[in-house]
Amino acid sequence: MLKVLICASEVAPIIKLGGLGDVVGSLPKSLEKIGVDADVVVPFVPSAKIEGLKVYKSMDIQVPYDGESRSVGVYATKLPGSFVDVYLLKYDKFFGEAGKSAFLNNMAETKIFSFFSRCVVELIKTRFNTYDVVHCNDWHTGLITHILEDELSLERPATIMTIHNLSYQGVGDTQILKEVGLDSSCHKTIEWDISDGDVNFLMQGIASADFVNTVSPSYAKELLVQEDSSKISQVLTSRQDRFIGILNGLDYSAYPREFNADNYQSIKSLAKKNLSQELGIDLENTPVFSVVTRLDPNQKGLDILLEVLPEVVERGGKFILLGSGNKEWEAKFKESANKLGLDNVSINTTFDTELAVRIYEASDFFLIPSKFEPCGLTQMISMWYGAIPVVHAVGGLRDTVKEGKTGFLFDKYSAVAFKKSLNKCFNTYKSPLHSDMIKECLKADFSFDKSAKSYKELYDKAVQIRQDAFVEI
Ligand code: ADP
């Protein structure tokens, strides 16, 4: 049986900061169903939700870092609802500072995750010959492949690097390399990378993994055609024969619903009524538009969203935002709500996964105007709850939403194009097409089981590449 170690900064529902956590929580459960035995390793951060889980300390490992041997506790638990083993690595001095917010992407974080990468390799060494594949996710795990090569050389497992979002690369001080024990003169790509004064974790992972993938076929294409001479683009282009896109899926068991094609109207009405009371805004008998997102102005299309809000309200729509992570944009949306009326717009600036579900349930339309979107999960979740997604046609949004069937797409990133799609929403609201589209959305299947099959194929390929390399030598 193929044995895989999935390494990441988060795993839902234990640690969830964004979509990465959802994916890392879903993938091993779906792999389990098709006979792939995957473990997960994450840092034991203070925000880890372990209430009700059996967590036991399995061992201490000694991790060399910055000239000292550090004792790291390896705690084991099961991913809820599965037999998947999750290892939580405890070292409060570093991991006590992590897990507060996704995508901080600062220098302190790169140090923390360089240490995490070293810990993961030490864990793999203590479990020598256990893993066939080490599956790294995003920049946090970008140094693992190099360290693994140094430590185990030919005996190392095959490696995969998954890019969940290329815009977060983990750029750190070159001093980190010394601390983590990587000799740049032994790795050509590191030498080339640090010639400009810093080290790019994600780029290192892309350069040195046996195989690289990202989280949708369209995003994979977009990354290869982007006109940019950055080093990371050059590296990705050089690896295009070992680079594919695999669409993420959703773990539907994490999103219980009562909806079906027969009862969705009454359930949605009830959800609107309840949410009206909770948020103090009357949502009943009006089209409800909503957004649940990290407030990332570079990615999530916040500028054009803010621009179209007045029109949504003028035309009789109600708008709900659940978004956090950027004080400036929180203030901008609150200011707009004050102007447009708090009985028309509800701005909620917390990170609250349960409120998120109540919003999905109560919404008619779900807005995702992202400038770019590697895969995106919120369009899949909104469809599941019968809220029609309105999306900018990029990345995974393009791969999952069908115009006029399961949603509305606009091609050009502009408020004008966005408004045209919103116009379609108002024209469709309560029409026969609306019911047809909701029924299509409720039927859409993005279960992770499909993605897991593709990951299994990828793992098999990586193992084959590894075996071929072994034979050649
Ligand atoms: P990203 O990974 O870029 O944040 P995704 O669409 O892939 O975007 O995943 C976002 C996930 O995080 C979804 O499950 C969404 O419901 C959740 N989410 C985002 N913001 C919030 C919030 N403020 N409160 C609760 N859940 C949120």
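One residue stands out in segment 213-253 among those that are under 16 Å from the mean Cα position of the chain (by Cα) and part of a strand (DSSP E or B): the one that is surrounded by the most Cβ atoms within 10 Å (Cβ to Cβ), namely Thr214. The residues on offer are Leu377, Leu409, Leu322, and the sole one that is touching a helix residue (DSSP H, G or I) at 6+ places or on another chain (Cβ under 9 Å) and open to solvent by less than 10 Å² (accessible area, probe 1.4 Å) is Leu322.
Lys412 meets all of the listed conditions (1) out of contact with any Asp or Glu (no Cβ under 6 Å at 6 or more places or on another chain); (2) without any contact (Cβ under 8 Å) to a residue 24 or more places away in the chain; (3) not in a loop (DSSP other than H, G, I, E, B) but one, namely (3). Of all residues in segment 338-368 being in a loop (DSSP other than H, G, I, E, B) and within 15 Å of the ligand (Cβ to nearest atom), which is least open to solvent (accessible area, probe 1.4 Å)? By that ranking, first place goes to Ser363.
Results for (1) over 26 Å from Ile163 (Cα atoms); (2) among the charged types (D, E, K, R); (3) touching a residue at least 12 places away in the same chain (Cβ under 8 Å); (4) within 16 Å of the ligand (Cβ to nearest atom), shown as yes or no for each residue.
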| residue | (1), (2), (3), (4) |
| --- | --- |
| Leu20 | no, no, yes, yes |
| Gly25 | no, no, yes, yes |
| Gly35 | no, no, yes, no |
| Ala38 | no, no, yes, no |
| Ser47 | no, no, yes, yes |
| Lys54 | yes, yes, yes, no |
| Asp60 | yes, yes, yes, no |
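Identify, by number, the condition in (1) touching a Pro at 6+ places or on another chain (Cβ under 7 Å); (2) more than 10 Å from the ligand (Cβ to nearest atom) that Ser382 doesn't meet. So Ser382 meets the others, but not (2). Under the condition of being part of a strand (DSSP E or B) and among the acidic types (Asp, Glu), the residues counted in segment 122-177 number 1.
Yes/no per residue for (1) away from the ligand (no atom under 16 Å from the Cβ); (2) under 28 Å from Asp445 (Cβ atoms):
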position: Leu250; (1), (2): no, yes
position: Asp262; (1), (2): yes, yes
position: Lys272; (1), (2): yes, yes
position: Val288; (1), (2): yes, yes
position: Asp296; (1), (2): no, no
position: Gly316; (1), (2): yes, no
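Can you tell me which condition Glu335 does not meet? The list is (1) in contact (Cβ under 8 Å) with a residue 40 or more places away in the chain; (2) part of a helix (DSSP H, G or I); (3) over 19 Å from Gly18 (Cβ atoms), and all the others hold. The one condition Glu335 does not meet is (1).
The values are calculated or read from the model by the stated rules, or taken from the named source; none is laboratory data. All values derive from a computational prediction rather than experimental measurement. Using ideal geometry, Cβ is built from the backbone for each residue, glycine included, and neighbour counts are taken over all protein chains shown. Quick note on the areas: whole protein, heavy atoms, side chains included, nothing else; ligands and nucleic acids left out. Shrake-Rupley method; radii C 1.70, N 1.55, O 1.52, S 1.80 Å.
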